[in-house]
Amino acid sequence: MCTVIILRRKGHDWPLLLAANRDEMMDRPWLPPGRHWPDRPQVIAGRDELAGGTWIGINDYGVVAAILNGHGALGPAEGYRSRGELPLEVLEHADAKAAAEALRDVNPNAYRPFNLVIADNRDAYWLSVQAADWGARADLKPLPEGVSMVTARGLNDDRSPRTRTYLPQFRRAAAPIPDSDDTAEGGNWEDWRRLMASHIHDPAEGADGAMTIVTDRGFGTVCSSFIALSSVESTAPTSIFRFAPGPPGETAFEAIDTRVIKAET
């Protein structure tokens with residue numbers, strides 16, 4: 001399932017804020033964000049131990065990538081490549097625009113349906129591959145200014161009960177202040193944290209309508225992320241990455257080290 005919230009603010013000190021909940025089988029092994037790929041030393045991302053890819057990450061250039069399943073396409077399937085390799089491909093690039101252009105022509109038949117967020121402090125895109133009556137197709141669109149939500153249904157799509165319930169609430173909520181000293185986690189994300197941890201949903205639509213999912217079938221929200229990118233002109237750090245290695249209402253967010261590692265001379 002998964003959910004990504006994006007706030008874009010042109011001209012702001014923090015032009016890109018992103019929050020993401022990962023919903024997955026509870027027994028699927030993974031590692032928290034880090035530099036897990038020796039051949040990609042610039043990438044800081046969570047590592048899926050089953051397929052070797054990632055669901056969310058950032059690189060030393062300030063490019064962010066996050067991937068979600070498409071509707072009705074949970075989990076791997078024989079004959080398809082792992083969707084977790086796509087964020088790693090995004091994070092090979094120095095800016096979001098170049099990454100989006102490089103992935104625009106992705107083979108839509110090579111992967112199960114997905115939604116991919118590509119962003120930096122200037123540009124942001126949504127790349128979607130969905131099944132259709134005439135075959136799979138890829139669609140690349142810029143993300144609008146303001147608050148958007150991506151779910152398995154796509155961008156700001158009110159066919160998703162989660163989007164119908166929570167997108168208006170995120171749009172009303174106080175925007176996080178990433179560089180404030182308000183909390184030990186490195187900034188005031190309180191309204192967003194509360195919403196990301198919410199179990200509230202319409203019982204008629206099932207638990208999948210909540211932001212944090214709990215089920216009796218071994219599936220649920222396994223971790224959560226906050227990412228903030230500062231502007232080029234800002235004196236703040238280039239990026240802030242906070243990660244909760246469990247449901248966001250039960251697990252504290254920890255700082256992920258995003259300092260650039262300089263090569264030895």
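Just so it is clear, none of the values below were taken in a lab; they were calculated from the coordinates. None of these values were measured; they are calculated from a predicted model. FYI the Cβ positions are ideal-geometry reconstructions off the backbone, even for glycines, and counts take in every protein chain you see.
Calculate for the chain the 222 nm mean residue ellipticity that helices alone would give, adding -39,500 (n - 2.57) per DSSP H run of length 4 or more and normalising by residue count, nearest 500 deg cm²/dmol.
Result for the chain: -3500 deg cm²/dmol, rounded to the nearest 500.
To make sure I understand, if each residue's beta carbon is the centre and we count other beta carbons within 10 Å, what order do 165, 251 fall in, fewest to most?
The most exposed by this proxy come first: 251, 165.
Counting other C-beta atoms within 10 Å, which of 80, 125, 61 has the fewest, and how do the rest follow?
Ascending number of Cβ neighbours within 10 Å: 80, 61, 125.
How far is it, in nm, from the label point at residue 140 to the one at residue 261 when both lie 7 Å from their Cα along the line to the Cβ?
With each label point 7 Å from Cα toward Cβ, the separation is 3.0 nm.
If you place +1 on the Cβ of every Lys and Arg, -1 on the Cβ of every Asp and Glu, and leave all else neutral, what size is the dipole of region 3-255 about its Cα centre, to the nearest 20 Debye?
Rounded to the nearest 20 debye, it is 460 debye.
Say R0 is 45 Å: what FRET efficiency, to the nearest 0.05, do residue 78 and residue 190 get from their beta-carbon distance?
Once the sixth-power term is evaluated, E becomes 0.55.
Given points 7 Å out from each Cα along the Cα-Cβ axis, report the residue 105 to residue 250 separation in nanometres with one decimal.
Result: 4.7 nm between the two label points.
Considering the dipole of region 123-166 built from charges on the beta carbon (Lys and Arg +1, Asp and Glu -1) around the Cα centre, which of 144, 154, 126 is farthest to its positive end?
Projecting each Cα onto the dipole axis, the largest value belongs to 154.
How long are the semi-axes of the equivalent ellipsoid of region 32-104, taking √(5λ) for every eigenvalue λ of the Cα gyration tensor, in whole Å from largest down?
Computed over region 32-104, the values are 20, 15, 10 Å.
Counting only trypsin sites (Lys or Arg not before Pro) that sit in a DSSP loop (anything but H, G, I, E, B) with at most 10 other Cβ atoms within 10 Å, what is the longest stretch of the chain containing none of them?
The segment 11-216 is the longest one with no such site.
When 1/r is averaged over all different Cα pairs and the result inverted, which Kirkwood radius in Å belongs to the chain?
18.4 Å
What list do you get for 240, 256 if you sort them by fewest beta carbons within 10 Å?
256, 240
Dipole of region 147-256, Cα-centred, from +1 at each Lys and Arg C-beta and -1 at each Asp and Glu C-beta, to the nearest 20 debye?
With only Lys, Arg, Asp and Glu charged at Cβ, the dipole is about 380 debye.
I'd like the FRET efficiency for residue 31 and residue 204, computed as 1/(1 + (r/R0)^6) with the beta carbon distance as r and R0 of 35 Å, rounded to 0.05.
Efficiency at R0 = 35 Å is approximately 0.40.
How compact and how long is region 101-255, expressed as Rg and Dmax of its alpha-carbon atoms in Å?
Taking only Cα atoms of region 101-255, I get Rg and Dmax of 17.1, 52 Å.
Given Cα pairs under 8 Å that are at least 6 residues apart, what percent is the relative contact order of the chain?
It rounds to 20 percent for the chain.
Residues of region 78-100 with amide nitrogen under 15 Å from the 7 Å Cα-to-Cβ point of residue 131?
Within reach of a label on residue 131, which here means backbone N under 15 Å from a point 7 Å along Cα→Cβ, region 78-100 contributes 78-81.
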